[in-house]
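The values are calculated or read from the model by the stated rules, or taken from the named source; none is laboratory data. What you see is a predicted model, and the numbers here were worked out from it, not measured in a lab. Backbone-built Cβ (ideal geometry, glycine too); neighbour counts: all protein chains shown.
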């Protein structure tokens with residue numbers, strides 16, 4: 001009787017196993033999830049020089065992370081920026097209403113100044129007609145009727 005050697009079952013199952021490396025089995029979604037979870041910083045400097053004279057220097061700093069990770073780091077500038085929030089339309093409408101109110105108040109002020117100026121000019125013209133007249137003060141005069149005094 002001849003027998004054929006058989007491999008143990010454990011070595012057969014090990015032969016089918018593969019070792020997963022960081023580059024193997026990662027999709028773009030996996031990489032993006034990992035980057036957003038941990039965050040990534042890209043920093044660089046660009047200099048433009050002519051004859052060892054620096055003409056332009058640009059410093060670039062870029063942070064890529066999820067919103068939650070950015071909040072953990074204390075970065076939340078987009079929450080208060082009116083152009084990036086839904087508050088922008090409300091702020092634009094409020095600004096328009098305030099401008100209209102300001103314009104109406106300015107128009108009212110102009111009309112009151114014109115009225116005051118015309119009253120002053122009218123009083124001066126009355127003074128010129130009769131230079132000996134004493135300006136009347138209605139608050140100090142009594143309501144007297146010459147007919148009653150007789």
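Regarding residue 135, is this residue modelled with pLDDT under 75, in contact with a helix residue (DSSP H, G or I) (Cβ under 9 Å, 6 or more places away or on another chain) and under 30 Å from residue 40 (Cβ atoms)? Quick ask: steps written out before the conclusion?
Values: modelled with pLDDT under 75: yes; in contact with a helix residue (DSSP H, G or I) (Cβ under 9 Å, 6 or more places away or on another chain): yes; under 30 Å from residue 40 (Cβ atoms): no.
For residue 135, the condition - modelled with pLDDT under 75, in contact with a helix residue (DSSP H, G or I) (Cβ under 9 Å, 6 or more places away or on another chain) and under 30 Å from residue 40 (Cβ atoms) - is not met.
With 90, 124, 70 as the choices, which residue is at pLDDT below 85, under 30 Å from residue 35 (Cα atoms) and assigned to a helix (DSSP H, G or I)? Even if it seems obvious, please write down each step before you answer.
On the way: 90 fails: under 30 Å from residue 35 (Cα atoms); 124 fails: under 30 Å from residue 35 (Cα atoms).
Just one listed residue meets the conditions, 70.
Against the definition (surrounded by 10 or more Cβ atoms within 10 Å (Cβ to Cβ), assigned to a loop (DSSP other than H, G, I, E, B) and at pLDDT below 80), how does residue 5 come out, yes or no?
Numbers: surrounded by 10 or more Cβ atoms within 10 Å (Cβ to Cβ): no; assigned to a loop (DSSP other than H, G, I, E, B): yes; at pLDDT below 80: yes.
No.
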